[in-house]
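Okay, so here's the structure we're looking at.
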Amino acid sequence: MTPDPGLASWLQLTLTPGLGASTIRKLLRQFGLPQSVIARKHELAAYAGPETLQALHSEAVQAQVDRALRWAGERGHFIVTLADELYPRALLEIADPPSLLYARGRIELLQRSCLAIVGSRNATAQGESNAAAFAKALSNAGLTVVSGLAIGIDAAAHRGGLEGAGSTIAVLGTGIDVLYPKRNFELAERISTHGLLLSEFPLGTGPVAGNFPRRNRLISGLSQGCLVVEAAVASGSLITARSAAEQGREVFAIPGSIHSPLSKGCHTLIKSGAKLVESAEDVLAELSGFRASGYASTTGGEALPGTNDASGLLAHMGHDPVDVDSLCARAGMSAEQVASELLRLELEGRVAALPGGLYQRLEKRQSG
């Protein structure tokens, strides 16, 4: 892609220290396109201090502009400004849309109907399974799954989205050339080929803590709704959910065990008016104006061969975390028998070992 000749002026504005997004929008409303803004040297003093105006024409800023233009000249790399037709319409509806976006991958995904799926970094195996299954089903329905590339629920949602027709968008809290966390490097590379990586931050921006809440408003802003899979009461996922509500988006939450700290955030959202969902159909039914293109249900279980749930240990586990002693009492089995059966079920992916000597049954969810 050949960069827009006017892109250098957009970059010059956005890369100047002291010129925030709100100030840039004021300047654009007052003077027009960035070229016109930059030409009004004397009038800019009413909007920015002398240090900022000096930085606007500095060699340091010009070096950053040149670097970004070189990056945008590479195949599959894009810089999309507020004036571009490619700029996602959904972001124009939020209070503080970024002046430009750095993108790598399938740029057409910015024009698709999207759904955010977010949740805990310290997710349970069941939570990750649910996130992937919901994401795949919703992606197959035609929604592009948006998340933040964090470990846990985000990564599972991206993997599920990649398996469906709608694919996935990963919104980064770093520069688009800085992949974080490093353990998701391979996943990010897959997304850059089959989905889309997106960032509002300049090239080279590292993982600064304050940037991730800003990233969250874009995750929700791109989307028609936000689904929270697992979250503690104090978590970034709830920040994303609040952003979604403030932006007029639907908020969905999957309920969980009353004993799990990772269910309490979802339960808090549900008490506050979020829609409780148990299947992809529940989500799709609430999205006004979206017509599913055909999808697989996430409800129901998938039986695995070789195990009789009605008479085996699973029948005594329920769906809440449980310890070995309780299972012995429920099933009338010795500790050795229960431990042996738990090991087998864990190897089959039917049970997950949790901290504190607890075990939880995993539901094998259908996604297609």
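If you check Pro97, Pro34, Pro88 for being over 21 Å from Ala170 (Cα atoms) and of a type outside the set (Gly, Ala, Ser), only one passes: Pro34. Would it be correct to say that Tyr87 is at pLDDT 90 or above, part of a loop (DSSP other than H, G, I, E, B) and open to solvent by less than 30 Å² (accessible area, probe 1.4 Å)? It is true that Tyr87 is at pLDDT 90 or above, part of a loop (DSSP other than H, G, I, E, B) and open to solvent by less than 30 Å² (accessible area, probe 1.4 Å).
Per-residue answers, yes or no, for (1) in contact with a strand residue (DSSP E or B) (Cβ under 7 Å, 6 or more places away or on another chain); (2) within 18 Å of Glu363 (Cβ to Cβ):
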position	(1), (2)
Ile239	no, no
Val251	yes, no
Pro255	yes, yes
Ser263	no, yes
Gly273	no, no
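Among the residues of segment 311-340, what is the count of those that are touching a residue at least 12 places away in the same chain (Cβ under 8 Å) and either assigned to a loop (DSSP other than H, G, I, E, B) or on the phi > 0 side of the Ramachandran plot (or both)? Qualifying residue count, segment 311-340: 7.
Quick check, is Leu92 touching a strand residue (DSSP E or B) at 6+ places or on another chain (Cβ under 8 Å), closer than 27 Å to Ser22 by Cβ, among the aliphatic types (A, V, I, L, M) and surrounded by fewer than 18 Cβ atoms within 10 Å (Cβ to Cβ)? When the stated conditions are applied, Leu92 does not pass them. Of the helices (runs of 4 or more DSSP H) that lie entirely inside segment 144-255, not one contains 2 or more residues that are basic (Lys, Arg) and open to solvent by less than 10 Å² (accessible area, probe 1.4 Å).
Residues in segment 341-354 that are in contact (Cβ under 8 Å) with a residue 24 or more places away in the chain, assigned to a helix (DSSP H, G or I) and not hydrophobic (A, V, I, L, M, F, W, C): Glu341 only. Only one of (1) modelled with pLDDT under 80; (2) outside any loop (DSSP other than H, G, I, E, B); (3) closer than 18 Å to Ser260 by Cα fails for Glu363. Which number is that? The failed condition is (2).
Within segment 28-57, the set of residues being touching a helix residue (DSSP H, G or I) at 6+ places or on another chain (Cβ under 8 Å) and either of a type in the set (Asp, Glu) or closer than 21 Å to Tyr102 by Cβ (or both) comprises Leu28, Leu33, Pro34, Gln35, Val37, Ile38, Glu43, Ala55, Leu56. The number of residues in segment 204-248 that are among the polar types (S, T, N, Q), within 23 Å of Ile258 (Cβ to Cβ) and within 13 Å of the chain's Cα centre (by Cα) comes to 1. For segment 16-27, the criterion of being assigned to a helix (DSSP H, G or I), closer than 30 Å to Val229 by Cβ and without any contact (Cβ under 8 Å) to a residue 24 or more places away in the chain is met by none of the residues.
Where residues in segment 302-358 are acidic (Asp, Glu) and either under 26 Å from Lys264 (Cβ atoms) or open to solvent by 60 Å² or more (accessible area, probe 1.4 Å) (or both), which of them is modelled with the lowest pLDDT? Here the residue is Glu302.
The values are calculated or read from the model by the stated rules, or taken from the named source; none is laboratory data. Just so you know, these numbers come straight off a predicted model, no measurement behind them. No Cβ is skipped: glycine too gets one built from the backbone with ideal geometry, and neighbour counts run over all protein chains shown. To get the accessible areas, we keep the full protein, side chains included, count just its heavy atoms, and leave off ligands, DNA and RNA. Shrake-Rupley method; radii C 1.70, N 1.55, O 1.52, S 1.80 Å.
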